[in-house]
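Down below is the structure, laid out as structure tokens.
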Amino acid sequence: MRRLLLILFLAGSVSACAAMPQLLQDAVKKLAQDTDRWAYTQTAIEKDGKGKAKSDVVVRFDPSKPYAQQYIPLKIDGKEPSESQIKKYRRQGEKRGERIEQESTTGVVSTSQRKSVGELMDLEKATVIAEDDKIVTYEVPLKQEGNERLPPEKFLVTARVNKELAALESVSAKLRSPLREKIIVKLSEGEGHIEFKTVDPKHPPQLAEIRANGSGSIFFVPIGRSYQVRREDYKRVKPFGDRFEVQIGPLKAIDF
């Protein structure tokens, strides 16, 4: 169910943004330039349809440390992490390092076999749907080609951009109408929202919170889930991977 709820994974390259609306392009570029230069503490909480917590994980991420030490679990479901859990996060950091070094060697940014929403977003066709003195809101359609999991007519994706800062304020995705995945899972309602905040006025806003919720059924049994991620205690750092010349996708770090 989480995979259905956490559907907005934004990725891509700055070069692919050339034809998109200028303000949106500037916001994407700023995020690209600042990606992976912050350490932070992340709290991720998943709840069931009745609001009862199913998982509560607090992790410190620091991209300036060697890869095996970049993800340090602080609390898992209110308890000190076990040795096996610590090893799990250590391996997560090692895999991240392997990916970065491979991208440095090949010059090709890795992508998952299943295309993310970010890979499917047609940024060049983004249109303005609301605007005032401070904010412009864009509707960003999804591409049809190569899209086997997120029918464009089923999802509404929007991005809010601060005019003065030329920076993203939020990104949202909402299910327009019920979606059935094969005959097993049906998602009747679902939406996700990402908020950004200014950590340092000298740098672009950073991700502050992700919220996602949805309801549906598995084998006709009603279910519901909600997911929240908060990032706090930001600290500006020099990435350990700076010794490699890797172009990180501008929105690759944002994950629903």
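None of the figures in this text is laboratory data; all of them are computed from the coordinates on show. Being a predicted model, the structure only gives us computed values, none of them experimental. With ideal geometry, Cβ positions are generated from the backbone for all residues, glycine too; neighbour counts draw on all protein chains shown.
Summing charges over neighbours of Asp133, with a neighbour being any other residue whose Cβ is under 10 Å away from its Cβ, gives -1 when K and R count +1 and D and E count -1. Here's how it looks for Trp38: its modeled amide H is under 5 Å from those of Val237, which are all 5 or more places away or on a different chain.
As a rough guide to protection, the peptides 47-59, 163-175 ranked by mean Cβ packing within 10 Å, highest first, stand as 163-175, 47-59. Among the listed pairs Lys87/Lys235; Lys50/Lys75; Lys75/Lys197; Lys125/Lys238; Lys47/Lys79, a Cα-Cα separation exceeding 28 Å is found for Lys125/Lys238. Annotation: the residues Phe196, Phe61, sorted from fewest to most other C-beta atoms within 10 Å of their own C-beta, follow the order Phe61, Phe196.
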